[in-house]
Amino acid sequence: MEGTLLEEVRFGWLDGSARVRSDDDAFVAIVRRLWGASPASEGPLREYEISLSDPGPGIFRGPGGERPLDGRHPAWHAYNLLMRDLLGSVGGHFVFHASALGAGGRAMLLAGPSNFGKTTLAVHLAFHGYSLLADDLTVVQRGTGRLVPLPRSLNLRRGSRTTLGPAQLDTLARAARETGGDEWAVDPLALRAPEAGPFRVAAVVLLRSEGDGVSVRRFRSHEIWLLEGHESAADEIRELRGVRRVLTDTRSPEVIRVDAEEAAPLTRWLRDHHEIVVASIKLPDRAPDFSKRSRAVPIGQFQAALELAQEMLNRHQGSILASEFEGRETHLVAEIAGLLEESRCLALWPGRPEEALELLSDVVEKSDD
C-alpha cells in the first residue's frame, strides 16, 4: 500500500483506540458510519490496513498478520475481520450481544438475537429518561461488574422507526450521522448525553418471541456467508447431525441458510472452519410482533448468565477468553452469574411498546429491593 493515498478513521476502543487505513471509500464509509461517534483516546493503539483497489484479492492487515479478502464481499469481510480482531483482544472484560441503558448509576441490559427489538426498545427507553450506553455491543468489566459505555452509532432499521411518533423521528433524524437507505446511523451522544458513571449492571432483560419458553432460546436457522471458492462446504454442512435442510440461492451460492434441530454440531463446525466463513448470523424462529401484548416473568441469575455466555462476542476461537475458558464453560457461566448476583433478571416477550415500557420502567429502580 506504499505510495497509495489512504483514507483514515481513528476511533476509541475501550481504554485505547483503533486506527484503520484503507484505499477503499466504501470500507472507510462503513467504519466511519458505525464508529465515528466513539472518540479516540490516548491509550494503546491497534492499527489496521485494508487494501481493496489493487489488482488481485483484497488484503486485510492487522496486528495478527494479513489475510486475503473475499472477492464478492470484500468490504464486509474486512469489517468482520476488524471486529473479530478487536473483540478477540479483550480479556479483562466481557462483551455481550446486548443493548445497555443507564439511569442513576445503574444499567439495564437488553439481550436478544439480531433483528429482535433490542434497539427499538432501547430508543423508546431513551425517550423516557434513560441514557443509551451501548447498542449491540455491551462491555462489562470482569471482577467489578461495572458497565463500560461504548458510544458506537445506533443502527435504527425501518421496522424500528415505524413504532415511533413524528416528534421522536424528528429528534432521531437530527441526531443521525446518516439517514439514507434502510438504516439510520444515530449518534447516541447527540440523542441523549450519558450521565457520569460508573454504572453497575442492575438488571438483565432477555428478549423472547411468542411461543418461546423462559429457558434458553434454541436458534433453528442460521445464515452463513462462505468465502469465494468454498461453496462446496454446503454439502459438508448437510451431513452434520441435527441439520434438517440447507438452502442456497443460485444467484448468491455463497450465502446459505441452515435449518437445524440441534445447533451444537453446526456451532462446532463454524468454530473449526472460521477461516472460510465471512459471517454467520443466528435467526430467531419468530420476530417480535409490536402489535401484540407485552409480558415479562422473573428468571434466575444463572439462567441470565447462561444466555449471556452463549451470546458473548469475545469468546470466539483465537480470542483471549476462548483460550482462558476452553473446556471450562461452566466456570465462565459461574463468573458471569457472580456479577449478576444483585441484578434483577427478566424474560420479556416484547409487544406493544407502551406496554413493554410499563413493564421495564421500574426494573432498575426495583433492583435494590
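The values are calculated or read from the model by the stated rules, or taken from the named source; none is laboratory data. Here the structure is a predicted model, which is why all the values come from computation and not from measurement. FYI the Cβ positions are ideal-geometry reconstructions off the backbone, even for glycines, and counts take in every protein chain you see.
A compact table of results
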item: Lone unmet requirement of (1) within 19 Å of the chain's Cα centre (by Cα); (2) surrounded by 14 or more Cβ atoms within 10 Å (Cβ to Cβ) for His274; result: (2)
item: Matching residues, the range 225-273, being touching a Gly at 6+ places or on another chain (Cβ under 9 Å), of a type outside the set (Gly, Ala, Ser) and more than 27 Å from Gly58 (Cβ to Cβ); result: Glu261, Glu262, Pro265, Leu266
item: Residues (assigned to a loop (DSSP other than H, G, I, E, B), of a type in the set (Gly, Ala, Ser) and under 14 Å from Phe127 (Cα atoms)) located in the range 156-186; result: Gly165
item: Search result, residues across the range 337-352 that are in contact with a Lys or Arg (Cβ under 9 Å, 6 or more places away or on another chain) and either part of a helix (DSSP H, G or I) or not assigned by TED's automatic domain parsing to the domain that holds Ser114 (or both); result: Leu339
item: Checking Thr120 against (1) within 16 Å of the chain's Cα centre (by Cα); (2) not assigned by TED's automatic domain parsing to the domain that holds Leu306, the condition it does not meet; result: (2)
item: Every residue from the range 5-57 that is among the hydroxyl-bearing types (Ser, Thr, Tyr) and either in the same structural domain as Val139 (by TED's automatic domain parsing) or at pLDDT 90 or above (or both); result: Ser17, Ser22, Tyr48, Ser51
item: Of all residues making up the range 245-267, the number that are closer than 27 Å to Glu329 by Cβ and without any contact (Cβ under 8 Å) to a residue 24 or more places away in the chain; result: 3
item: Single residue of the range 189-230 satisfying the filter (at pLDDT 90 or above and assigned to a loop (DSSP other than H, G, I, E, B)) that is nearest to Phe302 (Cα to Cα); result: Leu227
item: Of residues in the range 123-141 being within 18 Å of the chain's Cα centre (by Cα) and assigned to a loop (DSSP other than H, G, I, E, B), the one surrounded by the most Cβ atoms within 10 Å (Cβ to Cβ); result: Asp135
item: Scope the range 245-258; condition surrounded by 12 or more Cβ atoms within 10 Å (Cβ to Cβ) and either modelled with pLDDT of 90 or more or aromatic (Phe, Trp, Tyr) (or both); matching residues; result: Val246, Leu247, Val255, Ile256, Arg257, Val258
item: Top-ranked residue in the range 227-236 [being in contact with a His (Cβ under 9 Å, 6 or more places away or on another chain) and surrounded by 14 or more Cβ atoms within 10 Å (Cβ to Cβ); ranked as nearest to Ile281 (Cα to Cα)]; result: Leu227
item: Matching option when the condition is within 21 Å of the chain's Cα centre (by Cα) and more than 23 Å from Val255 (Cβ to Cβ), among Leu86, Leu81; result: Leu86
item: Sole residue being within 30 Å of Ala334 (Cα to Cα) and in contact with a Phe, Trp or Tyr (Cβ under 9 Å, 6 or more places away or on another chain), chosen from Ser51, Ser99, Ser89; result: Ser89
item: Hits in the range 80-118 - residues which are surrounded by 21 or more Cβ atoms within 10 Å (Cβ to Cβ) and of a type in the set (Ser, Thr, Tyr); result: Ser99
item: Filter result for Arg158 (modelled with pLDDT of 85 or more, surrounded by fewer than 24 Cβ atoms within 10 Å (Cβ to Cβ) and of a type in the set (D, E, K, R)); result: no
item: Residue that is nearest to the chain's Cα centre (by Cα), among those in the range 163-202 that are free of Cβ contacts under 8 Å to residues at least 12 places away in the same chain and under 19 Å from Pro353 (Cα atoms); result: Leu169
item: Search result, residues across the range 142-155 that are surrounded by fewer than 23 Cβ atoms within 10 Å (Cβ to Cβ) and in a strand (DSSP E or B); result: Arg146, Val148, Asn155
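This table checks each residue for (1) over 23 Å from the mean Cα position of the chain (by Cα); (2) touching a residue at least 24 places away in the same chain (Cβ under 8 Å); (3) under 30 Å from Ala337 (Cβ atoms); (4) surrounded by fewer than 20 Cβ atoms within 10 Å (Cβ to Cβ).
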site	(1), (2), (3), (4)
Asp25	yes, no, no, yes
Arg33	no, yes, no, yes
Ala40	no, yes, no, yes
Asp54	yes, yes, no, yes
Gly65	yes, no, no, yes
Arg72	yes, yes, no, yes
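The rows are residues; the columns are (1) outside the structural domain of Gly145 (by TED's automatic domain parsing); (2) outside any loop (DSSP other than H, G, I, E, B); (3) basic (Lys, Arg).
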site	(1), (2), (3)
Ile237	yes, yes, no
Thr248	yes, yes, no
Thr267	yes, yes, no
Arg271	yes, yes, yes
Phe302	no, yes, no
